[in-house]
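Chemist: My questions will all concern the structure given below.
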Amino acid sequence: MTREITLSKAVNEGIAEEMRRDPAVFLMGEDVAEAGTPFKVLSGLVEEFGTERVIDTPISEPGFVGMAVGAAMTGSRPIVDLMFGDFIFLVMDQLCNQAAKTHYMSGGKLTVPMVLRTNLGATRRSAAQHSQSLHALVAHIPGLKVALPSSAYEAKGLLKTAIRDDNPVVIFEDKLMYQDKAQVPEEEYLIPFGEANVVRPGRDITLVATSSMVQVCTKAADALAKEGIEAEVIDPRTIVPLDEATILDSVRKTSRVIVVDEGHQSFGVTAEIAARIAEKAFYYLDAPVARMGAMDVPVPFSPALEDLTVPTPEGVAARARQLCRGEVADAA
Amino acid sequence: MGQAKANTEDYLRMYTQMVRIRAFEDNANQLYLSAKMPGLTHMYSGQEAVAVGICEALEDDDRITSTHRGHGHCVAKGAEFKQMFCELLGKAEGYCRGKGGSMHIADQDHGNLGANAIVGGSMGIATGAALTAKLQGTGRVAVCFFGDGATAQGLWYEVMNMAALWKLPVIYACENNGYSEYTKTEEIAAGSITARAEAFGIESFEVDGQDVLAVNDLTQKLVARCRKGEGPFFMNLKTYRYHGHHVGDINRDYYRAKDEEAEWKTLRDPIVNFGKWLEEQRIVTADELVGINDTVRKEAEEAVAYAEKAAYPDASEVDMHVYAGVPHALSA
Ligand SMILES: Cc1ncc(C[n+]2csc(CCOP(=O)(O)OP(=O)(O)O)c2C)c(N)n1
Ligand SMILES: [Mg+2]
């Protein structure tokens, strides 16, 4: 049995289920208890689990993320709420120098089973410090796993897996998708890491899309289908670990690919996935590997400018048409 | 009321500046409620005596750093309504050409180094401005505005230490409005905030942030001492925000009692009380105060009308200002 719920509710359910299952799991972050976060994602949890396990912190991100690392090393399983993905810059040392390296540096003796939940996504008119998509930064650091849910169903299944993982996991939810609904099973389920989802099958071109870009690419695929171009949309779900096999299989079949992600285009997720395709499926390609990310500028406030900086269904469809017709503007 | 030191002209300017802030915010709130403003914004209403009392003790070349709740600082430091409303609406004539919006509004001409969407994010910047003042012997002072919630950021303790070691001309002004977001400050701040600054040997003051004369009087003295190399200083200003955390935070009884709000608004309003005092001292008549209010309201409404009609930035601006000295970051 399934029912339709919002991404916000799915996250809330996932956390509640895991907190009921495992008393070592606790939540901490700013305004997570009574307020249930500004996005109201965690509403109701403090009523069920109390302030001992749903902990409101001061505005001290490096401090409480560091505490989560220490708690995780000593038998707790903390879930940290970082209100905006942009604040990840404040906690980079705790996350990247401490959490990410502890297992390795201790020769496998210590583990850091913590989850950092945060968000990404522009076009909310929140300007340059509340709109960034920074998942590539943490994906760059060995030792951290990175999940990018693309719907309510994915958000719950990936979060539950993250909580049970013995490694530090960073989950980026798209803050514009909290009210988006999807069918979610009544019964318990988990989504394993490193298994991409073929969202929509197709034979002519592959669209590899993360997070909210799955919606963008699905819309693009709908438009392309009307013109006889069948696009296959693949959602990697986690970028670390990355399910290379599913992506490569698809590209070998379609021979064309666009990688779409909301992080800045340069030195990011699109570059990494495109490089792997070029390395491992080069002889199957009929067109250069294309990629579309956020424009390499800080996110502007003005709606007139902000909308220009992110990939859109129209933009993806236009690029796909070019590739399918053999008109590739950027290829040297 | 604090001590009466200024002359009639100064008094009237302080009164007018407070009224200007209130009028600006009432109009900004209205723009949000009528869905004309992109994104969210944080109202300064209720805290006017802090920004005005402090900024009236500064000169144009003295620097301030501001916060997410920054319109009041911006007005008090000398900004114009038109350019401010244009910025809030993302228009090209805004102070930041629509790139910053409410949370990043800056006014270089009047020494406002900018609002900041990272809580505590400007503490280093203000202290650095004071470092320039000292290194270059400019005689300038920097005021760092921040909220009580921001005192939880570790950065503050790092920069206070250096400011005290190096006797920098910086004044840390904590606008203690009792809340950070949806949490009472007493729940997230241990011990005494004032004592924390004192622990660095920084001379610290607690002042009624609803009393513009008290704030101004103290600031004048501290600014003069800063210019003589006797800084840094800390001010803990007790004040109150009238609205929710941001304009969308409307149902807030769960964390803040309506009675408490009503009490501050009716008994401790900085504008009403200063107006009464001005009348009592026979500096102005009630009619004159009404006249000031009417003029300011009209000015604000005209500026809103102007901003609504103003043009958005041209699409070509999206990759301008990414790097100084590079007209367009993305054109080859
Ligand atoms: C580093 C960081 N953490 C969290 C936030 C989210 N946030 C914005 S304002 C705010 C509360 C700030 O409280 P305070 O400093 O007292 O300022 P006030 O809003 O009361 O003016 C929080 C938690 C942020 N913008 N930056
Ligand atoms: Mg506050």
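The values are calculated or read from the model by the stated rules, or taken from the named source; none is laboratory data. Everything quoted here is computed from the prediction, not taken from an experiment. Using ideal geometry, Cβ is built from the backbone for each residue, glycine included, and neighbour counts are taken over all protein chains shown.
Chemist: Among the numbered criteria (1) more than 14 Å from every other protein chain (Cβ to nearest Cβ); (2) not in a loop (DSSP other than H, G, I, E, B), which one does A:Pro311 miss?
Modeler: (2)
Chemist: Return the residues of the range B:26-53 that are closer than 17 Å to B:Ala303 by Cα, away from chain A (no Cβ under 14 Å) and either assigned to a loop (DSSP other than H, G, I, E, B) or within 16 Å of ligand 2 (Cβ to nearest atom) (or both); say none if nothing qualifies.
Modeler: The answer is B:Ser34, and nothing else.
Chemist: Mind checking which residues of the range B:134-164 are within 14 Å of another protein chain (Cβ to nearest Cβ) and not in a helix (DSSP H, G or I)? Please lay out each step first, then the result.
Modeler: In the first step, residues of the range B:134-164 are kept if they are within 14 Å of another protein chain (Cβ to nearest Cβ); the result is B:146-158.
If the condition is that a residue be within 14 Å of another protein chain (Cβ to nearest Cβ) and not in a helix (DSSP H, G or I), then B:Phe146, B:Gly147, B:Asp148, B:Gln153 are the ones that fit.
Chemist: Could you please find all residues in the range B:158-213 being of a type in the set (A, V, I, L, M), within 17 Å of B:Cys144 (Cα to Cα) and under 17 Å from the mean Cα position of the chain (by Cα)?
Modeler: Answer for the range B:158-213, where residues must be of a type in the set (A, V, I, L, M), within 17 Å of B:Cys144 (Cα to Cα) and under 17 Å from the mean Cα position of the chain (by Cα): B:Val170, B:Ile171, B:Ala173, B:Val207.
Chemist: Taking B:Leu88 as the residue in question, decide whether it is surrounded by 23 or more Cβ atoms within 10 Å (Cβ to Cβ) and within 14 Å of chain A (Cβ to nearest Cβ).
Modeler: yes
Chemist: Go through A:Thr74, A:Thr57 for me and flag whichever is surrounded by fewer than 17 Cβ atoms within 10 Å (Cβ to Cβ) and at pLDDT 95 or above.
Modeler: A:Thr74
Chemist: Counting only residues that are more than 14 Å from B:Arg13 (Cβ to Cβ) and surrounded by fewer than 21 Cβ atoms within 10 Å (Cβ to Cβ), how many does the range B:269-285 have?
Modeler: Total meeting the criteria: 9.
Chemist: Which residues, counting only those in the range B:145-164, are under 18 Å from B:Ile64 (Cα atoms) and away from ligand 2 (no atom under 15 Å from the Cβ)?
Modeler: B:Leu155, B:Val159, B:Met160, B:Ala163
Chemist: Name every residue in the range B:165-189 that is in a loop (DSSP other than H, G, I, E, B) and away from ligand 2 (no atom under 16 Å from the Cβ), in order of residue number.
Modeler: Hits for the range B:165-189 are B:Trp166, B:Lys167, B:Leu168, B:Pro169.
Rundown of residues vs (1) more than 30 Å from A:Asp31 (Cβ to Cβ); (2) within 14 Å of chain A (Cβ to nearest Cβ); (3) assigned to a loop (DSSP other than H, G, I, E, B); (4) of a type in the set (Ser, Thr, Tyr), yes/no style:
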{"site": "B:His245", "(1), (2), (3), (4)": "no, yes, yes, no"}
{"site": "B:Ile250", "(1), (2), (3), (4)": "no, yes, yes, no"}
{"site": "B:Asp253", "(1), (2), (3), (4)": "no, yes, yes, no"}
{"site": "B:Asp259", "(1), (2), (3), (4)": "no, no, no, no"}
{"site": "B:Val272", "(1), (2), (3), (4)": "yes, no, no, no"}
{"site": "B:Leu289", "(1), (2), (3), (4)": "yes, no, no, no"}
{"site": "B:Asn293", "(1), (2), (3), (4)": "yes, no, no, no"}
{"site": "B:Ala305", "(1), (2), (3), (4)": "yes, no, no, no"}
{"site": "B:Ala329", "(1), (2), (3), (4)": "yes, yes, yes, no"}
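Chemist: Same structure again: Quick check: anything in the range B:143-158 more than 16 Å from ligand 1 (Cβ to nearest atom) and charged (D, E, K, R)?
Modeler: For the range B:143-158, residues more than 16 Å from ligand 1 (Cβ to nearest atom) and charged (D, E, K, R): absent.
Chemist: I'm checking my understanding of the structure. Among residues of the range B:190-212 that are among the hydrophobic types (A, V, I, L, M, F, W, C) and within 14 Å of chain A (Cβ to nearest Cβ), which one is nearest to ligand 2 (Cβ to nearest atom)? Step through it out loud before you land on a result.
Modeler: In the first step, residues of the range B:190-212 are kept if they are among the hydrophobic types (A, V, I, L, M, F, W, C); the result is B:190, B:193, B:195, B:197, B:199-200, B:202, B:205, B:207, B:212.
Add one more test, that the residue is within 14 Å of chain A (Cβ to nearest Cβ), and what stays is B:190, B:193.
Details: B:Ala190: 16, B:Ile193: 11 Å.
Ranking the qualifying residues of the range B:190-212, first place goes to B:Ile193.
Chemist: Now for a separate question. For the subset of the range B:103-118 comprising residues that are assigned to a helix (DSSP H, G or I) and within 11 Å of another protein chain (Cβ to nearest Cβ), which member is nearest to ligand 2 (Cβ to nearest atom)?
Modeler: B:Met103
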